[in-house]
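The values are calculated or read from the model by the stated rules, or taken from the named source; none is laboratory data. None of the values given here were measured: they were computed from a predicted structure. Here the Cβ is made from the backbone with ideal geometry for all residues, glycine too, and neighbour counts use every protein chain on show.
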Amino acid sequence: MARILARDVTQQRRDRTSVKWTLWGPDVLPLWVAEMDAAPCPAVVEAVSSAMARGDTGYPDGLAYPAAYRRYAADSWGWDVPLDAARTCSDVMGGIDAILRVTTAPGDAVVVSPPVYDNFFNHIAAEGRRRIDAPLTPAGRLDPDALRSAFAAAIAGGGRAAYLLCNPHNPTGTVPSRAELETLAELADEFGVTVVSDEIHSPLVYAGGPGFVPWLTVSERGFAVFSAGKAWNLAAFKAAVLVAGEQSREDLNRIPLVVSYGMGHMGSIAHVAALDAGRGWLAEVLSELDDSRALLARLVADHLPAVSVRVPDATYLAWLDFRATDLGEDPATAVRQRAGVALSSGPHYGAVAGRGFARLNFATGPEILAEAVTRIASVAGSAIG
C-alpha cells in the first residue's frame, strides 16, 4: 500500500485549496490547523462518488450515522450506544452548543481545563455563558482539586453548570484514564455539573498506550459528541452524533429537532462509509502517525534542545514547550514570521496555560516534518544563551 501521508509540499500546494494551505504565503509550511496531509480514504471516495452519480443528493434520514457509530463503538470500545438517546448535528461544536442551551442558561458557568481546544472559549462566549478554568496539572492530567474549586465556584451563584471535557485532550494529546473519569464523575454528581465530552479524537488513540474510555461508559449523566471528521480527514463533510446518558434524557428531549437539520446527506454518507468500510485505512494512517510522532520526538531532541515536546498518546497534535527559548510568550508567531512555519498559538488554548507553548500538527509527510523542524531550529535560540 502506498503511503497515505507521504505527499510533498509541491503536490500539496497544487492540490489543496483548504484554509490550511491558503491562509499563509507560499513560503510557509502549514503545520497548524487540525487536518491531515493525507490521500483520501478510498471507501469514502467510492461512497460519495457513487451517491453523486446516482443523484442521491437529498436530505439525510438521520438514522444511518448513529447506527454506524453504534457499530464502530461496539467493535472499538465495547460500548453499546443507545440509538434512542442519539441525535445527529452539524458538527461537534454545533452539538455542544445545542447541549449547553438546554443544560445551562445565559450567565451560567461552563468549566474548561486549559490548555484546551480554543473553540471551547469562543462558543462559551457566543452562548453568553461564563467561563471558569480548572487547569490541567503540569503533566497534562485532569486536576481533581482544580475541578472541585471550579465546580464550587460555578454553582455558587445558583443556576446550572456544565464542564466541557476534551477526551482525548487537545492540544496535549493525553487520554484520560477510567480512574480519572470516575473521579470527574463523582465531582460532577456532587456539584450537579453536566459533563459534555468532545470525543472527536477518540479513533486516533495509539496502540500500546492508555486506551480510550467513552464518557458514557463511566457515567449515566451527561453527553458525548462524536464525529469521524478528524480521524478520516472529513472536515469538508460536516456531520456528528450526540449521545445522552440515561440520567440526561430529559435534557436531550429539550434539544430542538432543527439541530439535526444541520447535518447534510453527503456528510452522513461520507462518515458512515468511513466508520463501516474505512477502518483499514485508519489503521494504516495510525501506523504512519505513530512513525511521525516518533520522528518528531527525535528531530526535536536532535535539533531543538531548548524545546521539549509532549509525545501524545492520541491525536496527531504535539504540544511544544518553547519557554526555555528566546521566542517569547507566543512562539508560534515568531516561528511563522522568522522561520516560515505556521504552528497554532499556545496562548489561544489558554492565556496562562498556553504561554510559551505552540501546537504542531505532525499529520504530514516525513520530509515536510523534517524541513519544518530544521527551520524552527534556525530561530529557536536558548533564552539563557
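Counting the residues of segment 44-71 that are surrounded by 20 or more Cβ atoms within 10 Å (Cβ to Cβ) and under 23 Å from the mean Cα position of the chain (by Cα) gives 5. Within segment 327-354, the set of residues being β-branched (Val, Ile, Thr) and either part of a helix (DSSP H, G or I) or crowded, with 23+ Cβ neighbours inside 10 Å (or both) comprises Thr333, Val335, Val341. Screening Ser113 with (1) within 28 Å of Pro331 (Cβ to Cβ); (2) among the hydroxyl-bearing types (Ser, Thr, Tyr); (3) in the same structural domain as Leu369 (by TED's automatic domain parsing) gives one miss only, at (3). On inspection, Leu282 passes the criterion of being out of contact with any Phe, Trp or Tyr (no Cβ under 6 Å at 6 or more places or on another chain) and either within 20 Å of Ala98 (Cβ to Cβ) or not basic (Lys, Arg) (or both). Taking residues in segment 279-308 that are more than 19 Å from Asp326 (Cα to Cα), and partners anywhere that are assigned to a helix (DSSP H, G or I), the pairs with Cβ atoms closer than 6 Å and at least 6 places apart or on different chains are Leu295/Pro366; Leu299/Val373.
Would you check if Pro171 is within 20 Å of Asp290 (Cβ to Cβ) and either polar (S, T, N, Q) or crowded, with 24+ Cβ neighbours inside 10 Å (or both)? It is true that Pro171 is within 20 Å of Asp290 (Cβ to Cβ) and either polar (S, T, N, Q) or crowded, with 24+ Cβ neighbours inside 10 Å (or both). Considering only residues in segment 243-296 that are surrounded by fewer than 23 Cβ atoms within 10 Å (Cβ to Cβ) and among the β-branched types (Val, Ile, Thr), the one that is farthest from Pro40 (Cα to Cα) turns out to be Ile255. Pro135 meets the conditions (1) under 28 Å from Tyr261 (Cα atoms); (2) in contact (Cβ under 8 Å) with a residue 40 or more places away in the chain; (3) in a loop (DSSP other than H, G, I, E, B) in every case but one. The failed one is (1). Of all the listed residues (Glu180, Glu186), the sole one being within 21 Å of the chain's Cα centre (by Cα) and in a helix (DSSP H, G or I) is Glu180. Among all residue pairs at least 6 apart or on different chains, which show Cβ distances below 6 Å where the first residue, located in segment 148-169, is farther than 28 Å from Pro210 by Cβ and the second is part of a loop (DSSP other than H, G, I, E, B)? Between residues of segment 148-169 that are farther than 28 Å from Pro210 by Cβ and residues that are part of a loop (DSSP other than H, G, I, E, B), the close pairs are Gly159/Asp108; Arg160/Thr104; Arg160/Asp108. Scan segment 72-95 for residues that are over 20 Å from the mean Cα position of the chain (by Cα) and farther than 17 Å from Trp215 by Cα and the total you get is 1. Counting the residues of segment 305-326 that are surrounded by 23 or more Cβ atoms within 10 Å (Cβ to Cβ), assigned to a loop (DSSP other than H, G, I, E, B) and not β-branched (Val, Ile, Thr) gives 3. Of all residues in segment 103-119, those that are of a type in the set (D, E, K, R) and assigned to a loop (DSSP other than H, G, I, E, B) total 1.
For segment 339-351, indicate whether the set of residues that are modelled with pLDDT under 95 and not polar (S, T, N, Q) is non-empty.
Looking through segment 339-351, none of the residues is modelled with pLDDT under 95 and not polar (S, T, N, Q).
Counting only residues that are closer than 22 Å to Thr88 by Cα and touching a residue at least 24 places away in the same chain (Cβ under 8 Å), give me the helices (runs of 4 or more DSSP H) lying completely in segment 1-71 with at least 1 of them. Please lay out each step first, then the result.
Details: elements: 9-15, 19-22, 42-54.
Where helices (runs of 4 or more DSSP H) fall fully within segment 1-71 and carry at least 1 residues being closer than 22 Å to Thr88 by Cα and touching a residue at least 24 places away in the same chain (Cβ under 8 Å), they are 42-54.
Here the condition is being assigned by TED's automatic domain parsing to the domain that holds Phe191, in contact with a Gly (Cβ under 6 Å, 6 or more places away or on another chain) and at positive phi; of Gly262, Gly208, Gly222, it holds for Gly222 alone.
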